[in-house]
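The values are calculated or read from the model by the stated rules, or taken from the named source; none is laboratory data. For clarity, every value in this text was computed on a predicted model and none was experimentally measured. Note that we place each Cβ from the backbone using ideal geometry, even for glycine, and neighbour counts take in every protein chain shown. Surface accessibility is based on the protein's heavy atoms, side chains included, excluding ligands, DNA and RNA. Shrake-Rupley method; radii C 1.70, N 1.55, O 1.52, S 1.80 Å.
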Amino acid sequence: MNQSAAENIALTSFAWLCAEEDLLPVFLNASGASVDDLRAALSSAEGPDAGLLAAGLDFILMRDETVIACCAAQNLQNDRLAQAQAVLAGTAGMHWT
């Protein structure tokens, strides 16, 4: 997966997260961000904040049920979110064995 594809998956996943009324407040509380912070970070002239996108993926990846729901909404295979997160974090090529 390349950087552009990872960013697109992260951005779409973040949009899904923002639409989830039960999950968004939990993410905001955990991250310390406000809705205004999200708007500013996602609408920056330089493009969406990569750290915020990665944080959104990290949050979604914390629970299998959330991964499954997010991927189903985007018609993605369930492993694609973890792949996108690895690309954004710069760990996609690392092997621990």
Next item on the list: Name the residue farthest towards the positive end of the dipole of the chain from the options A84, G56, L28, assuming +1 on Cβ of Lys and Arg, -1 on Cβ of Asp and Glu, about the Cα centre.
Entry: A84
Notebook entry, point to check: Which option, (i) 1.09; (ii) 1.04; (iii) 1.19, is the value of Cα Rg over 2.2 N^0.38 Å that was calculated from these coordinates?
Noted result: (ii)
Item checked: Heavy-atom accessible area per residue - the chain, 1.4 Å, Å² -> 61 Å²
Notebook entry, point to check: Okay, helix-only estimate at 222 nm for the chain: each DSSP H run of n ≥ 4 adds -39500 (n - 2.57), divide by all residues, round to 500 deg cm²/dmol; what do you get?
Noted result: -20000 deg cm²/dmol
Next item on the list: Determine, for each peptide in 51-59, 25-33, 12-20, the mean count of other beta carbons within 10 angstrom over its residues, then list the peptides with the highest first.
Entry: 51-59, 12-20, 25-33
Notebook entry, point to check: Between the range 24-47 and the range 56-84, what is the C-alpha centre distance in whole Å?
Noted result: 19 Å
Next item on the list: Take the chain, connect every pair of alpha-carbon atoms lying under 10 Å apart with a spring to form a Gaussian network, then pick out the residue of A45, A84, A73 with the largest mean-square fluctuation.
Entry: A45
